[in-house]
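Heads up: the structure comes next, in structure tokens.
The values are calculated or read from the model by the stated rules, or taken from the named source; none is laboratory data. Not measured: the values here are computed from a predicted model. Cβ sites come from the backbone with ideal geometry, for glycine too, and all protein chains shown count toward neighbours.
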Amino acid sequence: MTRTQTSRLAVVLFAAASALVISIASAQEPGKGAENAPEKGAAGTTSPLYKVVDGFKVGWRMMNGFRAWRAGACDRCHGANQQGLVGPSLLESLKTMSKEEFAQTVTEGRLDKGMPSFKTSKTVMDNIDNLYAYLKGRSSGQITRARVEPLEEE
Ligand code: HEC
């Protein structure tokens, strides 16, 4: 075997070993009920955690995001369908807002402009990433109605 072949083999073996580690890690992924489990590294919108079926059946993260939306009564100002009322349409805002910007706005509020701070709302604070994921799903059109339901297979 040449030197290049050896190092290619090493790369392949390393990749295989990493894939194994990743699959072991995801096998331990907490399911329903593990609401405050820490974020796993590569979890993006394509992860099964953020799965959306039929436009309204969602994984537990987005489900908890919806619960936070209800707990915070965001609909009072942003509308039952996030379309905007006295507050802006979050369907539009979430198209461009980063998760950090969102978290900052919801945590601190914009008191001078009528957006309250949710710092003391535990449900909202504990689920800020889930709330972002839920609203992101709404603004991208992946979630087609505001009232979501939990995925049955979870
Ligand atoms: C009492 C009314 C009220 C409630 C309740 C409320 N908001 Fe707001 N929100 C506003 C107003 C008004 C603004 C616009 C502030 C401004 O002009 O910058 C705003 C702005 C925002 C923005 C920034 C939008 C942008 O485009 O800059 C986000 C995100 C947001 N709200 C999310 C939420 C979430 C999530 C909740 C519930 C946890 C919530 N709001 C509850 C009134 C409210």
So L135 passes all but one of these: (1) more than 8 Å from the ligand (Cβ to nearest atom); (2) within 15 Å of the chain's Cα centre (by Cα); (3) of a type in the set (A, V, I, L, M). Which condition number does it fail?
(1)
Which residue pairs have Cβ atoms under 8 Å apart, sit 6 or more places apart or on different chains, and have a first residue in segment 102-126 that is more than 16 Å from A73 (Cα to Cα) and at pLDDT 95 or above and a second that is within 9 Å of the ligand (Cβ to nearest atom) and not hydrophobic (A, V, I, L, M, F, W, C)?
F102/Y132; A103/Y132
Suppose we keep only residues that are surrounded by fewer than 15 Cβ atoms within 10 Å (Cβ to Cβ) and closer than 20 Å to R61 by Cβ within segment 105-132. Which one would you say is nearest to the ligand (Cβ to nearest atom)?
T107
Leading residue by the ranking (farthest from the ligand (Cβ to nearest atom)) among those in segment 54-82 that are outside any helix (DSSP H, G or I) and in contact with an Asp or Glu (Cβ under 9 Å, 6 or more places away or on another chain)
K57
How many of the residues in segment 83-102 are surrounded by 15 or more Cβ atoms within 10 Å (Cβ to Cβ), more than 9 Å from the ligand (Cβ to nearest atom) and over 18 Å from Q142 (Cβ atoms)?
1
